[in-house]
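Step one of this worksheet: look at the structure below.
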Amino acid sequence: MKLLPQHPLALLALGLFVGGGVVHTGWLLRRPAAEENGGTAAVSQEGGRRSTSRSFPGGGVLGKGKVERKPRELGEIKDPKEAWQRSLKIKNFSERSELVVALMADWGKLDPQAALDMADTLPAGRLRQEAFAAACQGWASQHPEEAANWAMSHLTGPVAAECFGTIAGEWAANDPASAAAWVSGLPKGTQSEGATVAVIDAWVEQDPTAAAAWIDRFPEGENKDSALESLVSEWSSQSPEDAARWVNGRLGSPEAGDLAEALVGSWGSQDPAAAADWVMKLDGEIQSTAAATLLSLWAAVDPKVAADWAARFPEGETRSEAIPAIASTWAAAEPEKAVAWTLGLPDSPEQREALDDSVRSWADVSPDDLGKWVENQPANEATDHLRTIAAGTLLEDEPQDAMAMAAKISDPDKREQSITRFLKRWSREDPEAAQAWAAQAGFSNRLSVPPPSE
């Protein structure tokens with residue numbers, strides 16, 4: 001004798017009634033594949049369609065990590081309204097949200113209008129948006145055009161944006177051209193952004209050049225530019241060499257720099273050395289921008305190798321951008337090594353900028369360590385410069401330490417100038433403390449004269 005109903009939604013309702021939470025019902029939402037297919041795991045196909053679960057703007061919850069179930073026989077659902085009522089009683093919002101989304105996605109396949117009517121009973125807020133989006137996703141997995149037409153005629157605002165995104169994702173997974181045609185008719189702006197990205201992501205998996213041709217028909221403007229960048233980023237995550245060949249054909253276009261940056265941003269997180277080879281073949285400003293993007297990624301993984309690569313650039317715009325970029329990024333993690341590297345570079349405008357940036361980063365991360373390190377450096381012009389930069393960075397949060405560091409500048413003229421300038425800045429924020437320090441250190445007269453130019 002069967003004591004439990006066998007469909008997941010009915011089990012879900014019963015589990016909520018008995019246990020009142022996800023802990024007791026989690027196993028109900030993940031019925032083993034073996035049970036579904038006579039002991040053999042299989043990917044569920046419903047009505048010949050491939051279902052997809054995608055994230056979307058506004059905090060959409062149908063992305064990775066959320067509960068997704070594909071019931072074998074929709075007719076077995078006994079009472080989704082009861083499951084709905086039980087799920088709303090769960091106190092933890094994340095658990096309640098997961099169950100509502102799972103329920104609505106399946107309910108949307110069986111009776112979308114009933115599911116949407118139920119979603120409409122929720123007050124304004126995140127759960128309402130998630131419930132609508134999940135119901136629309138379930139509906140679109142079966143009848144995307146019907147779901148799309150309903151959403152366009154009934155929804156507005158953030159709810160519309162989320163639902164458009166889930167509908168487009170489901171539709172494009174199986175018929176990207178039709179989904180793209182629908183998205184092209186959506187209102188321009190934030191309501192269509194998620195749907196556009198969903199179509200691009202799905203289409204790139206199947207035919208990226210067709211996706212690019214669709215985007216090329218967009219009117220000129222920010223929407224087109226951001227869509228092309230999304231295309232390149234997604235394409236690069238799948239096949240960076242193919243994406244690079246496509247970008248090479250667009251290097252003469254106004255959007256070339258943004259496309260190169262999007263490509264390197266994705267490629268550099270996978271294979272920075274290969275991305276670096278491609279960047280070296282670029283020219284001018286496009287190379288500079290792409291190199292800076294790549295270095296910021298590479299430095300987080302292997303800053304020494306990234307720094308060595310940057311140092312090989314000949315004089316020019318790319319080097320002037322790359323050297324400070326690597327120093328700033330590297331200094332956030334290993335400031336002493338970054339500062340030592342910049343000190344070892346030949347004197348140049350970019351070397352001085354890199355040194356200033358890395359010292360400022362060090363002062364932000366660990367001012368005590370910076371102070372100790374500077375104390376061990378020989379008294380010379382370079383050390384005076386380090387003290388000046390470090391003191392200027394420390395002044396906002398640690399003015400006493402900043403003034404103490406400035407007072408140790410070896411060159412008398414530079415010491416006087418720095419102390420006067422810093423005292424003036426300090427007195428604007430905390431005049432009493434600045435006056436007290438100046439009086440104790442014998443610099444009271446410095447507060448009555450104009451500060452030297454920066």
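Annotation note: trypsin sites (Lys or Arg not before Pro) in the stretch 307-396 located in DSSP loop regions with a Cβ neighbour count of at most 15 within 10 Å are R312.
The loop-placed GluC sites (Glu not before Pro) in the stretch 359-432, going by DSSP, that have at most 13 neighbouring Cβ atoms within 10 Å of their Cβ come out as E396. Extending 7 Å from the Cα toward the beta-carbon at both N149 and K304 defines two label points whose distance is 6.6 nm.
Remark: the E432-E285 segment gains 48.0 nm on full extension, using 0.36 nm per residue and subtracting the alpha carbon distance. Note on the stretch 253-312: the C-alpha convex hull projects to 3.6 nm² when averaged across all orientations. Average accessible surface for the stretch 232-361: 43 Å² per residue, computed with a 1.4 Å probe over protein heavy atoms with every protein chain in place. Note on E416 and E381: the extension gain reaches 11.1 nm, defined as 0.36 nm multiplied by sequence separation minus the Cα-Cα distance.
Using the empirical formula 2.2 N^0.38 Å as the baseline, the Cα radius of gyration of the stretch 120-203 reaches a ratio of 0.97. Seen through its C-alpha gyration tensor, with square-root eigenvalues sorted a ≥ b ≥ c, the stretch 328-391 comes out oblate because a/c lies at 1.5 or above while a/b is not bigger than b/c. Over the Cα atoms of the stretch 199-331, Rg to Rh with Kirkwood Rh, two decimal places? Ratio value, two decimals: 0.99. Normalised by residue number, the volume inside the convex hull of the Cα atoms of the stretch 133-179 is 56 Å³ per residue. Binning all Cα-Cα separations of the stretch 270-369 at 5 Å, short to long from zero, yields these whole-percent fractions: 2, 16, 27, 24, 17, 9, 3, 1, 0. Directionally averaged projected area (the stretch 288-333, Cα convex hull): 2.5 nm². Write down the Kirkwood hydrodynamic radius of the stretch 344-454, to one decimal in angstroms, obtained as one divided by the mean of 1/r over all alpha carbon pairs. After inverting the pairwise mean of 1/r, the radius is 14.3 Å. Descending by average beta-carbon neighbour count within 10 Å, the peptides 149-157, 192-200 line up as 192-200, 149-157, the highest first.
The values are calculated or read from the model by the stated rules, or taken from the named source; none is laboratory data. None of the values given here were measured: they were computed from a predicted structure. Cβ coordinates were reconstructed from backbone atoms using ideal geometry, including for glycine residues, and neighbour counts include every protein chain displayed. Areas reflect the complete protein model, heavy atoms only, side chains present, ligands, DNA and RNA absent. Shrake-Rupley method; radii C 1.70, N 1.55, O 1.52, S 1.80 Å.
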